[in-house]
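Below: one structure, written as structure tokens.
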Amino acid sequence: MFEIKARDAMGRLGSITINGKKIETPTIMPVIHPNPKKQTVSMDLINKMADVVITNSYITYTTPELREIAETKGIHELIDFKNVVVTDSGSFQLSVYGDVNVGPMEIIDFQEKIGVDVGTILDIPTGPDVSREKAESDLIETFKRAEDSIKRRKEMGYKLALNGTIQGSKYLDLRQKSAEVMGKMDFDIYPIGAVVPLMEDYRYREVAEVILNSKMHLPTNKPVHLFGCGHPMLFALSVALGCDLFDSAAYALYAKNGRYLTADGTLHLKDMKDLKSFPCTCKVCSEYTPKQLYNLEEKEKTRLLAEHNLYVTFEEIDRIKNAIKEGNLWELVEERCRSHPKLLNGLRVISKYMDFIEKHDPVSKKSGFFYTGYESMNRPEIYRHKQRLDRIQYDKIYVTSVSENTSKPYSENLSNVPCDVDVLVKDSVFGLVPLNIDTMYPLAQNEVPDLYDFEKKYNNEFVSEFNEKHAEKILDISTYNYYINHYGKKKECDKINPDIFRIGKMLEYQYGAKILDEELMEKVKSRRSKNTGRIRNLLLEKEVLFTLRANDNFLIPAKSGAELLHEKLEFPKYRIVIDSSVEEFARAGKSVYSKFVKDCDPELRPFEEVLIVNSDDELLAYGTTILNGRELMEFDYGVAATLRGGLKK
């Protein structure tokens, strides 16, 4: 069972429950050797650091003394780990040696027998540089084994959860097919397999595309594991693309070769030995100087170096979790991807998939938008803004430029005569910024450095396309000046309430429909904050309809506002339909759980304001969705939406 607690980009801070044990995602599974004598780092340390580990059931199966212990005492006793144990099935050995001494059903039976929490099917791992015919043939065999494994578990009443590995080599259409076919089977976790050769060759562009083409066709309610990814410098990008789990033998393997892991690369201990101290504050690096560690006996040196590597690996995972919580994962991704040119290739290629990524990215975040380089132009926040500009119902448009020194929000720092013309400011990052919505996230909540000339030109094509699309409504400067002069007269100026006009445009941008008609605009009033002077509320007959949230200026409905949205928005827009059995809980303002969602607006994005209704479209409550439209229909566990209030009968 998988539940999302917080999110940013496609990254998910979540919780997986397996056999009553919880795993917080994203996380790393240290690879544990089933033979305790060959384990580099002590299991006492592993137990303190990890919620889940991965070990090899095939080595256990083919080693008589290990097999005997595992069959009599269980895998947890064998490796001395108390939490969730995942096992590989021998697929890695199959990829290296071309054959294994166990059948697909035998290894499923064995994994169940030794008490594995999450087992793995014996899939056919297909490397990146095989022919298409070979990749297709292997995939067909993997499908057969997957289907047989699921059938075996069901028929035998096995308790173990199962990994259903996605294959398809470098062929993206085969990855899509694999995800689609495997996704229809009842697997608990979906690893993306056979990417290690790509990572070893720094082919991160291909890794990113393999992840995304798999994610697009996998069920959203199941965790995704990037098999073999153990270097911390790749974690942030992979999490941002939707990977929840990683496994690492790198902490031990790198240590055996004298390699020292960091969050943005790898150093060699021999090259560090003349430094006064390590660039790390973990226990190992605090207690030893580089020279002291380098001069230790080989076995002890390897153990301590492996401990450091494990510390830095988990530290990066914790850093990513915090970034998700704070809403600045993209900034961390861009920072990490600048640590290696090939990683930057991986970041750049995802711009092709922004239509898919944007659907999972929250509409508002705790942190502001920080521009860190040219790649920031392709962030989902910008993509969404450009798409949602078309939600505004324009009558007359004036497009203008302002000085680079003009502070944001523009509307608070420009002299603008109130009138019924939508003034749009050309913006180097966001393309076009309508003055009437420029306090909304992320248009005001951003920091951008001085840009190079080529960056300033990035949105020229977008602006030209917008102007062409709305050519009949765009005013030249002479016509706009006429309107300014016309509305500058007190008699005409009084006809326009700039606050109400502004709120109307903000509602269009946020909800995609005209919420305030002309009759309503005559009745409603705005209220400004005494402290900031900014618009705080929209009221109707002294009753609050909407509150402009301080951090992002989104219009948050009160009860009457929710009723107004329900009246103005056509079904199923901004709605979540729930089962009749929980109507009273919703009316009482209690959270909506995923398993009770029956239907929804498929275009919902995470953290949008939503209306909770029954099958007759009767308004029950209002609140914020945690999940997007697709996720709402696929998740069957955890909270789907938190409620602000309910409507009593």
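The values are calculated or read from the model by the stated rules, or taken from the named source; none is laboratory data. Computed from a predicted structure; not experimentally measured. As a convention, Cβ positions derive from the backbone with ideal geometry for all residues, glycine included, and neighbour counts pool all protein chains shown. Accessible surface areas use protein heavy atoms only, side chains included; no ligands, DNA or RNA. Shrake-Rupley method; radii C 1.70, N 1.55, O 1.52, S 1.80 Å.
Calculated [222 nm] ellipticity per residue, helices only, for the chain: -11000 deg cm²/dmol; basis is -39500 (n - 2.57) per DSSP H run with n ≥ 4, divided by all residues, nearest 500. Extension gain for the segment Glu335 to Asn295, taken as residue separation times 0.36 nm less the Cα-Cα distance, is 11.0 nm to one decimal. Counting only alpha carbon atoms, the long axis of helix 104-113 and the longest principal axis of the chain meet at about 90°.
Here's the picture: charge each Lys and Arg Cβ at +1 and each Asp and Glu Cβ at -1 in region 415-524, and of Ser478, Pro442, Val463 the one pushed furthest to the positive end of that dipole is Ser478. Taking region 527-646 as the region of interest, the number of lysine pairs whose Cα atoms are within less than 20 Å, with members eight or more places apart or on different chains, is 7.
Per residue, the chain exposes an accessible area of 44 Å² to a 1.4 Å probe, with every protein chain left in place.
Straight-line reach from Lys469: which aspartates and glutamates have Cα under 17 Å away, leaving out those fewer than 8 places along the same chain? Within the straight-line cut-off, Lys469 pairs with Asp390, Asp395, Asp422, Glu461. Would you compute the Debye intensity of the chain from its alpha-carbon atoms alone, equal scatterers and no solvent, and pass along log10 I(q)/I(0) at q = 0.06, 0.12 Å⁻¹ to two decimals? Computed log10 I(q)/I(0) values: -0.40, -1.25. Take every Cα pair under 8 Å whose residues are at least 6 apart in sequence, average their separation, divide by the length of the chain, and the relative contact order is 10 percent. For the pair Val349 and Asp274, label points projected 7 Å from Cα toward Cβ lie 3.9 nm apart. When only Cα pairs below 8 angstrom with a gap of at least 6 residues are kept, region 18-163 shows a relative contact order of 22 percent. Straightening the chain between Ile496 and Lys48 buys 154.8 nm, computed as 0.36 nm per residue apart minus the Cα-Cα spacing. Think of each Lys and Arg Cβ as +1 and each Asp and Glu Cβ as -1; about the Cα centre, that makes the dipole of the chain roughly 1400 debye.
Since only Val402, Val116, Ala70 are under comparison, the one whose Cα sits farthest along the positive direction of the charge dipole of the chain, derived from C-beta charges on Lys, Arg, Asp and Glu, is Val402. For region 59-122 versus region 220-248, the inter-centroid distance based on Cα atoms is 23 Å. Once you've got the Cα coordinates, tell me which of Lys37/Lys283; Lys21/Lys154; Lys352/Lys505; Lys359/Lys514; Lys134/Lys352; Lys325/Lys359 are over 26 Å apart. In this structure, Lys352/Lys505; Lys134/Lys352 lie more than 26 Å apart at Cα. For the pairs Lys177/Lys222; Lys321/Lys386; Lys256/Lys299; Lys22/Lys159; Lys48/Lys73; Lys5/Lys82, flag any whose C-alpha to C-alpha distance is greater than 19 Å. Flagged as over cut-off: Lys321/Lys386; Lys48/Lys73; Lys5/Lys82. Could you check how much of the accessible area of the chain is carbon and sulfur, as a whole percent, using a 1.4 Å probe? That fraction is 48 percent. Spin-label model, Glu133/Tyr374: points 7 Å from Cα along the beta carbon direction are separated by 4.2 nm. Summing charges over neighbours of Gly533, with a neighbour being any other residue whose Cβ is under 13 Å away from its Cβ, gives +3 when K and R count +1 and D and E count -1. Farthest toward the positive end of the dipole of the chain, out of Thr126, Val96, Ser57, is the Cα of Ser57, where the dipole comes from beta carbon charges about the Cα centre. Taking 7 Å steps out from each Cα toward its Cβ at Phe454 and Lys473 produces label points 3.5 nm apart. Less than 5 angstrom separates the built amide H of Tyr260 from those of Leu267, His268, Leu269, all sequence-distant by 5 or more or on a different chain. Using Cβ point charges alone (K and R +1, D and E -1), the dipole size of region 378-493 about the Cα centre works out to roughly 340 debye.
Can you work out the FRET efficiency for the pair Asp599 and Lys649, with r the C-beta to C-beta distance and R0 = 22 Å, to the nearest 0.05?
The value I calculate is 0.50.
Karplus-derived 3J(HN,Hα) values for region 282-293, using 6.51 cos²θ - 1.76 cosθ + 1.60 with θ = phi - 60°, are 5, 4, 5, 6, 7, 8, 10, 7, x, 5, 4, 5 Hz; glycine and proline are entered as x. Using only side-chain charges placed at the Cβ, +1 for Lys and Arg and -1 for Asp and Glu, the dipole size of region 352-411 relative to its Cα centre rounds to 180 debye.
Region 155-209 and region 452-477 have Cα centres lying 42 Å from one another. Of all stretches in the chain that contain no GluC sites (Glu not before Pro) in a DSSP loop with at most 12 other Cβ atoms within 10 Å, the longest one is 1-296. With the Kirkwood sum run over all distinct C-alpha pairs, region 171-271 has a hydrodynamic radius of 14.4 Å.
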